[in-house]
Amino acid sequence: MWTIARACAPSPAAGMTVALLLATAAPAGAGMLETVKQRGTVQCGVSEGLYGFSERNGQGEWSGFDVDFCRALAAAVLDDPAKVTFVPLSAGERFEALRAGRIDLLSRNSTWTLEREAGLGLAFAGVTYHDGQGFMVMGDLNVTSALELDRAKICVEAGTTSQLNVADFFAANSMTFEERAFPTAAAALESFQSGQCNVLTRDQSALYAERLKLARPADAVVLPDVISKEPLGPVTRADDFAWFNIVKWLNQAKSSARVNAEELGIRAGNAGEAAGSPKPDVRRFAGAEGGLGKLLGLNDDWAVRAVQARGNYAEIYERNVGVNSRLGIPRGLNQLWSMGGILYAPPLR
């Protein structure tokens, strides 16, 4: 959700610079899929560290919701979920890193907006996580709703959509607030914990993650109010439709192999048996019939390989951010459409 790029009409010189950067991102005449296959690894941009989404342990091993998407892509394209090079990126540098070809894919809790897609020449491959901006307070503030935050001091990361959203929310509700803007999310959290402000605002998922970093997490409360729509999802450059199409069809929310897998009951543990199913939709998913992988330039079992590597959407969600994880976030909107949520995937056929 973080930095909004101030996209303006590019000058001829700027346009030439971007064109040169894109031209050096892959060998002449080679599409991204072929480049990735020749390199033997997917270069995936992730956050610098957000619990549940992308974090690195003491051994340098990455895990999280966004990380699992990168690994599933590597499994689908290279038949090995370990063939990923993770590139940690700040909010301010993530989109330029993608445009310049330093990464093949951005999987970094980034909100899909018109300005980012049309203004920056990027392509969002749908939604992996339906989020919204919220507020975290200390319990001793004794509030249960954002509508009780009139005249609050609010910590926020500078240069983000969070700044714009919170200003709109307070203006729409005839309330005032004192903004305390900080250059990084870490600085905003530190200031919240030290009492420089009594409210911290970010995406709700990020608030659950940030709460774990507090000295006394149980003292903080994430309010139930959601003041914005923050559809988070993976991003590619817009200059290679074939590569974008692969990422789009892997995407586990908007048009997803992994949502289809959840609906069909295909899990990491039984994905290998899917090809033997008598059900046509399961057999198509497993690549046993239909020849759908060839349409993407992949092997026909690409989808089942992705699920074998990291699981279906439910497994990924629950492992990283669900109610039994450290974050403890209910699925809510990120539940299947048939179970009260809004996840709905086009058929693989």
Pairs under 7 Å by beta carbon, first residue in contact (Cβ under 8 Å) with a residue 60 or more places away in the chain in the range 315-344, partner buried (at least 18 other Cβ atoms within 10 Å of the Cβ) and among the acidic types (Asp, Glu), six or more apart or different chains? Ile316/Asp68; Asn320/Asp68; Leu336/Glu262; Leu336/Glu263
Gly126 - would you say it is part of a loop (DSSP other than H, G, I, E, B), under 27 Å from Arg216 (Cα atoms) and not aliphatic (A, V, I, L, M)? no
Name the single residue, out of those in the range 99-136 being in contact with a Phe, Trp or Tyr (Cβ under 8 Å, 6 or more places away or on another chain) and aromatic (Phe, Trp, Tyr), that is modelled with the highest pLDDT. Phe124
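I'd like to check something: does the range 300-323 contain any residue that is closer than 30 Å to Leu223 by Cβ, β-branched (Val, Ile, Thr) and out of contact with any Asp or Glu (no Cβ under 8 Å at 6 or more places or on another chain)?
Initial filter on the range 300-323 (closer than 30 Å to Leu223 by Cβ): 313-323.
If we keep only those that are β-branched (Val, Ile, Thr) too, we end up with 316, 321, 323.
Narrowing the set further to residues that are out of contact with any Asp or Glu (no Cβ under 8 Å at 6 or more places or on another chain) leaves 321, 323.
Within the range 300-323 (the criterion being closer than 30 Å to Leu223 by Cβ, β-branched (Val, Ile, Thr) and out of contact with any Asp or Glu (no Cβ under 8 Å at 6 or more places or on another chain)), the answer is yes, since at least one residue qualifies.
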Based on this model, can you work out whether Ala82 counts as surrounded by fewer than 24 Cβ atoms within 10 Å (Cβ to Cβ), under 13 Å from the mean Cα position of the chain (by Cα) and either assigned to a loop (DSSP other than H, G, I, E, B) or at positive phi (or both)? no
State whether the residues of the range 64-78 include one that is farther than 28 Å from Asp301 by Cα and open to solvent by less than 20 Å² (accessible area, probe 1.4 Å). no
State all residues of the range 328-348 that are more than 21 Å from Cys70 (Cα to Cα) and open to solvent by less than 20 Å² (accessible area, probe 1.4 Å); if no residue qualifies, say none. Ile329, Leu336, Gly341
Given the structure, is Asp168 surrounded by fewer than 20 Cβ atoms within 10 Å (Cβ to Cβ), closer than 23 Å to Pro231 by Cβ and at pLDDT 95 or above? yes
Go through the range 179-196 and report how many residues are more than 24 Å from the chain's Cα centre (by Cα) and open to solvent by less than 30 Å² (accessible area, probe 1.4 Å). 2
Pair list, Cβ under 7 Å, 6 or more apart: the range 53-78 residue closer than 21 Å to Leu292 by Cα, other residue assigned to a loop (DSSP other than H, G, I, E, B) and of a type in the set (Val, Ile, Thr): Phe69/Thr128
Conditions first: (1) part of a helix (DSSP H, G or I); (2) more than 27 Å from Pro330 (Cα to Cα); (3) among the aliphatic types (A, V, I, L, M). Ala186 passes all but one, so which condition is the exception? (2)
Does Leu120 fit the bill of being surrounded by fewer than 24 Cβ atoms within 10 Å (Cβ to Cβ), hydrophobic (A, V, I, L, M, F, W, C), out of contact with any strand residue (DSSP E or B) (no Cβ under 8 Å at 6 or more places or on another chain) and touching a residue at least 24 places away in the same chain (Cβ under 8 Å)? yes
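Out of the residues in the range 19-52 that are open to solvent by 40 Å² or more (accessible area, probe 1.4 Å) and either of a type in the set (Val, Ile, Thr) or within 16 Å of the chain's Cα centre (by Cα) (or both), state the one that is modelled with the lowest pLDDT.
From the range 19-52, those open to solvent by 40 Å² or more (accessible area, probe 1.4 Å) are 19-24, 27-29, 34, 37-39, 43, 48, 51; that's our starting set.
Next, from what is left, pick out any that are either of a type in the set (Val, Ile, Thr) or within 16 Å of the chain's Cα centre (by Cα) (or both): 24, 43, 48, 51.
Numbers: Thr24: 38, Gln43: 98, Glu48: 89, Tyr51: 92.
Here the answer is Thr24.
Residue-wise test of (1) farther than 20 Å from Lys229 by Cα; (2) hydrophobic (A, V, I, L, M, F, W, C).
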site	(1), (2)
Leu98	yes, yes
Ser107	no, no
Trp112	no, yes
Gly119	no, no
Ala123	no, yes
Gln133	no, no
Glu148	yes, no
Glu157	no, no
Ser162	no, no
Only one of (1) in a strand (DSSP E or B); (2) under 23 Å from Gln335 (Cβ atoms); (3) among the aliphatic types (A, V, I, L, M) does not apply to Val67, and that is (1)
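Consider the range 232-261. How many of its residues are modelled with pLDDT of 70 or more and outside any loop (DSSP other than H, G, I, E, B)? Walk me through it before giving the result.
Restricting attention to the range 232-261, the residues satisfying the condition of being modelled with pLDDT of 70 or more are 232-251.
Next cut, outside any loop (DSSP other than H, G, I, E, B) only: 232, 235-237, 241-250.
Result for the range 232-261: 14.
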When the residues of the range 141-161 are filtered to those that are touching a helix residue (DSSP H, G or I) at 6+ places or on another chain (Cβ under 9 Å) and assigned to a helix (DSSP H, G or I), which remaining residue is least open to solvent (accessible area, probe 1.4 Å)? Ala146
Arg305 vs (1) modelled with pLDDT under 75; (2) open to solvent by less than 60 Å² (accessible area, probe 1.4 Å); (3) part of a helix (DSSP H, G or I): all pass except (1)
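The values are calculated or read from the model by the stated rules, or taken from the named source; none is laboratory data. The structure presented is a predicted model; accordingly, all values stated were derived computationally and were not measured. Backbone-built Cβ (ideal geometry, glycine too); neighbour counts: all protein chains shown. With ligands, DNA and RNA removed, areas are computed over all heavy atoms of the protein, side chains included. Shrake-Rupley method; radii C 1.70, N 1.55, O 1.52, S 1.80 Å.
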